[in-house]
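This report concerns only the one structure given below.
The values are calculated or read from the model by the stated rules, or taken from the named source; none is laboratory data. Predicted model, so just to flag it, every value in this text is computed and none were measured. Here the Cβ positions follow ideal geometry from the backbone for every residue, glycine too, while neighbour counts run over all protein chains shown. Areas reflect the complete protein model, heavy atoms only, side chains present, ligands, DNA and RNA absent. Shrake-Rupley method; radii C 1.70, N 1.55, O 1.52, S 1.80 Å.
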Protein chains: 2
Amino acid sequence: MAQYPRLNHLAIAVTDLDAALTFYRDALGLHVERVEHVEREAVTVAFLPLGNGESEIEILQPTRDDTGVAKWLAKRGPGMHHLCIQVSDIETTLARLAAHGAELITPQAVQRPDGTRYAFIHPRSAFGVLVELYELPPSL
Amino acid sequence: MAQYPRLNHLAIAVTDLDAALTFYRDALGLHVERVEHVEREAVTVAFLPLGNGESEIEILQPTRDDTGVAKWLAKRGPGMHHLCIQVSDIETTLARLAAHGAELITPQAVQRPDGTRYAFIHPRSAFGVLVELYELPPSL
């Protein structure tokens, strides 16, 4: 049982995933667990587990030009895109954030098909960092 | 024992640490273990442990205008500054990176007073990410 909120993942956005893996896997020595195309988010994602595998680096390559990630990349170039903190109770966390005046991109948590609930906090409230929150379903 | 290289820390650079902690601690709910002034790097750092405490977010506020972090902040504004991956053998990792043509800011690992050895990889080689490597001494 984690003592503190856990880093679920740190997302890095790139335009060329194969080239990025040549660096992160072959040169840096990280392990690539799997590469997956996520149609609903229009990204191909490589998952690179860290530590005991409960946190990971996700390297994202957009597969369309009209998504948020693609536009971010076109404007800024590749780099760290967002970090995702896993909390035990996303509703309580969102309520506390709202009470502190934080700007929420998704004021209500959204549920994925696998039961994971997520929300995004705007970088304007998080000192330049796009912060995602996850609450995993009990089975994960 | 970690199965994969561990995230030692993710560093976020800000100009106002107190304001950043109002968000990250009070609103988001992360724990602040300690705040420390690191004279040799001219930063004040808040350490926010994640998960089982083996990884952390470090929020940095420069205390002088002439450092790399201060210049980065002046140019880009607050945000994710670097990530630090902890490896078991920094020499082997640096040799492998060099063999792959990665641009190393510190081609030789540098040792801190506590025995930690570190090196930085240039963001040009790491798809826009400033990557730090750590090898901790056996006692840590």
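For the reader, a short list of remarks on this structure follows.
- Percent RCO, i.e. relative contact order, over region A:87-140, from Cα pairs under 8 Å lying at least 6 residues apart: 33
- For residue A:110, inter-copy label distances in nm, listed shortest first [label point 7 Å out on the Cα-Cβ vector]: 4.2
- Helix B:90-99 vs. chain B, principal-axis angle (Cα, 0 to 90°, nearest 10): 70
- Zone of residue A:15's modelled label, taken as backbone nitrogen in region A:76-93 under 13 Å from a point 7 Å along Cα→Cβ: A:76-79
- Placing pseudo-labels 7 Å out from each Cα toward the beta carbon at residue B:40 and residue A:36 gives an inter-label distance of 4.2 nm.
- Bridges between two residues of region A:7-81, per DSSP, are antiparallel at a rate of about 75%.
- Tail fraction, Cα-Cα pairs, chain B, threshold 28 Å, whole percent: 18
- Placing +1 on the Cβ of every Lys and Arg and -1 on the Cβ of every Asp and Glu, with no other charges, gives region B:87-140 a dipole of roughly 100 debye about its Cα centre.
- The H on the amide N of residue B:56, modeled in the peptide plane, is under 5 Å from the matching H of B:9, B:10, B:50, each at least 5 residues off or on a different chain.
- Minimum Cβ-to-axis distance in chain A for the rotation onto chain B, with residue, whole Å: A:80, 2
- Cα centroid separation - region B:36-91 against region A:85-140, whole Å: 24
- Shown in residue order for region B:105-114 are the 3J(HN,Hα) couplings computed by the Karplus curve 6.51 cos²θ - 1.76 cosθ + 1.60 at θ = phi - 60°: 6, 10, x, 10, 4, 10, 9, 7, x, 7 Hz (x for Gly and Pro).
- Neighbour-limited loop hits for trypsin sites (Lys or Arg not before Pro), region B:69-140 (at most 11 other Cβ within 10 Å; DSSP other than H, G, I, E, B): B:124
- DSSP beta bridges confined to chain A are antiparallel in about 75 percent of cases.
- If you model region A:87-140 as an ellipsoid using its alpha carbon gyration tensor, with each semi-axis the square root of five times an eigenvalue, the axes come out at 20, 11, 9 Å, biggest first.
- Only protein heavy atoms count here; under a 1.4 Å probe, residue B:92 has an accessible surface of about 70 Å².
- Sorted from shortest to longest, the distances between the residue A:39 label points of this copy and the other copies are 6.2 nm, with each point 7 Å from Cα along the line through the beta carbon.
- Note that region B:19-68 shows a convex hull volume over its alpha carbon atoms of 83 Å³ per residue.
- Antiparallel DSSP beta bridges within the protein assembly as shown, percent to nearest 5: 75
- For the protein assembly as shown, the Kirkwood radius over C-alpha pairs fed into Stokes-Einstein at 10 °C and 1.306 mPa s yields D = 82 µm² per second.
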